[in-house]
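Asker: Handing you a structure now.
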C-alpha cells in the first residue's frame, strides 16, 4: 500500500474534490515562485499520508487556477483553507509549523 500524496486541485475539479467531499479538506494555495510555499509543501505531503482516509489534503497552484484563488480571495500565499461540508471553516496564512496544521485539521475531524 503506497502512502497517500497530496491531491492536485484545479479550477476544474475544485467542486467535486473539495466542496462535495464527505471528509474535511485542506487546500494549500501555492505558487512555484513562492519561497514559503516551498517550505510548507513537504509538510502538506506528509499530512496527506497521515490523514489518509480521515481528511483530504491537496494543493492548488494559484497561477494555473486563478478562478478558485479569486473566489476565496487569496491575496497572499501560502494560504491554507480547511473546508468542511463545502464551507471554509478555518484558514492559515503563511508558513507555519506542522503541529499548527495538525491542530487546526484535527479540530475539524
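Every number in this text was worked out from the coordinates using simple rules, so none of it is lab data. Here the structure is a predicted model, which means the values were calculated and not measured. Neighbour counts are summed over all protein chains in view; Cβ atoms, including those assigned to glycine, are modelled from backbone coordinates with ideal geometry.
Asker: Based on the mean of other beta carbon atoms within 10 Å per residue, what is the order of 90-97, 78-85, 38-45, most packed first? Walk me through the numbers on the way to the answer.
Answerer: Working: 90-97: 14.8, 78-85: 20.5, 38-45: 17.1.
My ranking of the peptides, most packed first, is 78-85, 38-45, 90-97.
Asker: Can you give me the relative contact order of the chain as a percent, contacts being Cα pairs under 8 Å and 6 or more apart?
Answerer: With pairs under 8 Å counted, the relative contact order is 36 percent.
Asker: Another question, then. Give the Cα extents of segment 7-106 along the principal axes, in whole Å, largest first.
Answerer: 31, 28, 19
Asker: Once the piece of chain linking residue 12 and residue 75 is laid out straight, how much longer is it, given 0.36 nm per residue of separation minus the C-alpha distance between them?
Answerer: Residue separation times 0.36 nm, minus the Cα-Cα distance, leaves 20.6 nm.
Asker: So for the pair residue 19, residue 31, with labels modelled 7 Å out along Cα→Cβ, what separation do we get in nm?
Answerer: Result for the modelled spin labels: 2.4 nm.
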